[in-house]
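The values are calculated or read from the model by the stated rules, or taken from the named source; none is laboratory data. If you're wondering where the values come from, they're calculated on a predicted model, not measured in any experiment. No Cβ is skipped: glycine too gets one built from the backbone with ideal geometry, and neighbour counts run over all protein chains shown. Just so you know, the surface numbers come from the protein's heavy atoms only, side chains and all, with ligands and any DNA or RNA stripped out. Shrake-Rupley method; radii C 1.70, N 1.55, O 1.52, S 1.80 Å.
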Amino acid sequence: MTVASVAARPANRSLPAALAEAEERYVRANPASQRINAAAQAVLPGGNTRTTVYYAPFPLCIRAGRGGHVTDADGHDYADFINEHTATVFGHSDPVVARALAKAIADGLTLGGPSLYEHELAAAIIARFRSIERLRFCNSGTEANLLALATARAVTGRPAVMMFKGAYHGSLLTFTPGPSPINMPIPFVESRYNDRERALQDIEANADRLAAVIVEPMQGGGGAIAGDKAFLAGLRESCSRHGILLVFDEVMTSRLGPGGLQGRLGIAPDLTTLGKYIGGGMTIGAFGGRADILARFDPGRPGAFPHGGTFNNNVLAMAAGLAALTEVLTVEAVETMNTRGDALRRRMNEIAARHEVALQATGVGSIFGLHFQRGPIRNGDDLDAGARGHEKEIAQLKSLFQLDLFERGLYVTRRILCNISLATSDADIELLLAALDEFLATRGDLIREVVN
Ligand code: PMP
């Protein structure tokens, strides 16, 4: 589908009217997704088992994916800019990964012992991430963070953990938009992202009770906000001084450089958590770092920390991850993907500037966020300040953007946190840029009424 082949949009008098029309068209265009959602409502709360993929009035049900595209239940084809919320780095069903999976399935699943694969996958990860000397696998990024924080508390004998407003460390460690009521009952000390002075003061004031400081080197779910090097280096220095473990949550950001974002920044945390793509598209998580800390899990040592987990070394994730990391996501491929992402973000910002609207692309490398806001965005407080008084309208603009882009065959998230994968084509990037240009041309006045 090309932009020119889609009928011109009607001019809208108001944002609510534009959104209502877009929603009406969405409902008409997606009867199968609507039907599936209605059936799911009977058995899953809100028809949903994963909050991240919900949006009103109902989300598109995705039935297939190939390369850089996905197809929904109504047969629409989309260029995929969601890419499983950054977990799809290789494109859908990359043939090398698919072959490794087919072999693992043929050899038998859930075999009840160490597999042929986990030490090789661990070695492939350790070869890339300089601060990871030893690691352990688990089943998700959430689990990796829970284990890293539990480890830090056990090793230091201190109870509390410092985190940053706007952080997302998993479904039980959620601080965006605010702290979740079902977070783990750990005493948390909240500080401000990218505010070095405040963070160092907060560490100083709580040093004797802090086991760990956990931080995303780029806040992902919080809006693709790049961490400032001086801020992160300050955390490193202060944690070392006070015997606090610095945990980098690289579940999302590890795809931003061959050695993760920590490699690009040249900062070594004590512990790193990983997930998403490192299982080649299968369920996985990992936490690793200093050998002396991870040694506490050596089951041959007296008093070792127990860490079972039926699927910690499940052969599908181990085999797919190994093939993906060693054969598909080469160092060169990571660098090319992220360079292309940098160029895409730059061009998006150029388009926004040309239309003179309050819109900016944030992020690092292959991950970008779009925000209807001018001025620097350093943390959740900046985002809150930018939206103050028109939070509802900004949410409406984001909904309108998503629905308009769906019509142009572009799969984007409602909060407009997107990314490219190795399988994203140049043509699809051009389509995205054309759709952004068109959105700002047709909806620019609606944006200007909300933000200036
Ligand atoms: N940390 C970060 C930074 C994440 O982005 C995510 C997932 N989006 C997680 C942790 C949780 O990972 P999972 O969804 O695999 O539990």
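Arranged from highest to lowest average of other beta-carbon atoms within 10 Å per residue, in what order do the peptides 227-236, 15-24, 45-54 appear? Write out the running numbers ahead of the final one.
Details: 227-236: 18.8, 15-24: 16.5, 45-54: 13.0.
Answer by packing, highest mean first, reads 227-236, 15-24, 45-54.
In this structure, Val96 and Ala127 have a Cβ-Cβ separation that, at R0 = 25 Å, corresponds to a calculated FRET efficiency of about 0.85.
Net charge within 14 Å of Ile62 by Cβ-Cβ distance, Lys/Arg positive one each and Asp/Glu negative one each, not counting Ile62 itself? So the environment of Ile62 carries a net charge of -2.
With θ taken as phi - 60° and the Karplus curve 6.51 cos²θ - 1.76 cosθ + 1.60 applied, the whole-hertz 3J(HN,Hα) list for the range 77-84 is 9, 10, 6, 8, 10, 9, 6, 6 Hz, x standing for glycine and proline. What angle do you read, to the nearest 10 degrees and between 0 and 90, between the alpha-carbon axis of helix 95-107 and the longest principal axis of the chain? Its long axis makes an angle of about 50 degrees.
Take the alpha-carbon centre of the range 277-300, take the same for the range 126-177, and report the distance between them in whole Å. First find each Cα centre; the distance between them is then 11 Å. Remark: the chain is approximated by an ellipsoid whose semi-axes, taken from the C-alpha gyration tensor as √(5λ), come to 37, 27, 20 Å, largest first. Within the shell defined by Cβ-Cβ distances under 13 Å, the residues around Ala423 carry a net charge of -3, with Lys and Arg each +1 and Asp and Glu each -1.
At a 1.4 Å probe, what is the % contribution of carbon and sulfur to the accessible area of the range 95-328?
On the way: 5260 of 9340 Å².
Ligands and nucleic acids excluded, carbon and sulfur reach 56 percent.
With N counted as the residues of the range 290-417, its alpha-carbon radius of gyration over 2.2 N^0.38 Å works out to 1.56. Normalised per residue, the accessible area of the chain is 42 Å², obtained with a 1.4 Å probe and no contribution from ligands, DNA or RNA. The solvent-accessible area of Asp292, taken with every protein chain present and a 1.4 Å probe, is close to 90 Å². Couplings 3J(HN,Hα) for the range 347-363, derived from phi with the Karplus relation 6.51 cos²θ - 1.76 cosθ + 1.60 (θ = phi - 60°), are 5, 4, 5, 5, 5, 4, 5, 4, 7, 6, 10, 7, 8, 9, 9, 10, x Hz, where x marks Gly and Pro.
Database remark: amide H of Ala212 closer than 5 angstrom to the amide H of Met162, Leu245 (H placed geometrically; neighbours at sequence offset of 5 or more, or on other chains; Pro and chain starts carry no H). Counting 0.36 nm for each residue step from Thr283 to Ala20 and taking away their Cα separation leaves a gain of 90.9 nm.
The 3J(HN,Hα) values that the Karplus relation (6.51, -1.76, 1.60; θ = phi - 60°) gives for the range 199-212 are, in residue order, 5, 5, 5, 5, 5, 3, 5, 10, 3, 6, 10, 8, 7, 8 Hz. Gly and Pro appear as x.
Here the simple spin-label model places points 7 Å from the Cα toward Cβ, and for Ala353 and Ala205 these points are separated by 3.9 nm. For the range 95-328, give the share of DSSP beta bridges that are antiparallel, in percent and rounded to the nearest 5; count only bridges with both residues there. That works out to approximately 50 percent antiparallel.
Working from label points 7 Å from Cα in the Cα-to-Cβ sense, the Thr442 to Arg414 distance is 2.1 nm. Work out the P(r) tail for the range 21-122: percent of alpha carbon pairs separated by more than 19 Å, whole number. Cα-Cα pairs of the range 21-122 separated by over 19 Å account for 59 percent.
Could you tell me which of rounded, prolate or oblate describes the range 95-328, using a ≥ b ≥ c as the square roots of the eigenvalues of the alpha-carbon gyration tensor, with rounded for a/c under 1.5 and, failing that, prolate when a/b is larger than b/c and oblate otherwise?
Values: a/c = 1.91, a/b = 1.59, b/c = 1.20.
Note, shape of the range 95-328 comes out prolate.
To check you understand DSSP bridge types, tell me what percent of the beta bridges within the chain (both residues inside) are antiparallel, rounded to 5. Close to 65 percent.
The slack in the chain from Asn452 to Ala427, taken as 0.36 nm per residue of separation less the alpha-carbon distance, amounts to 5.8 nm.
Computed extension length for Leu109-Glu327: 76.2 nm, one decimal, from 0.36 nm per residue of separation with the Cα-Cα distance subtracted. Estimated from the Cβ-Cβ distance and a Förster radius of 30 angstrom, the FRET efficiency linking Ala38 and Asp77 is about 0.80. Near the amide H of Gly363, within less than 5 Å, lie the amide hydrogens of Ala226, Gly369, all on another chain or at least 5 residues away, with H placed in the peptide plane. Of the beta bridges in the range 213-368, as assigned by DSSP with both residues counted there, near 60 percent are antiparallel. Evaluate E = 1/(1 + (r/R0)^6) for Val27 and Asn183, where r is the Cβ-Cβ distance and R0 equals 45 Å; express this FRET efficiency to the nearest 0.05. The value I calculate is 0.80. Using a cut-off of under 15 Å, list every residue of the range 263-279 whose amide N is near the label point 7 Å from the Cα of Ser240 along the Cα-to-beta-carbon line. Within reach of a label on Ser240: 266-271. Near Gly285, the amide H atoms lying under 5 Å from its own belong to Cys138, Asn139, Ser140; only residues 5 or more places off or on other chains count, and H is placed 1.01 Å from N.
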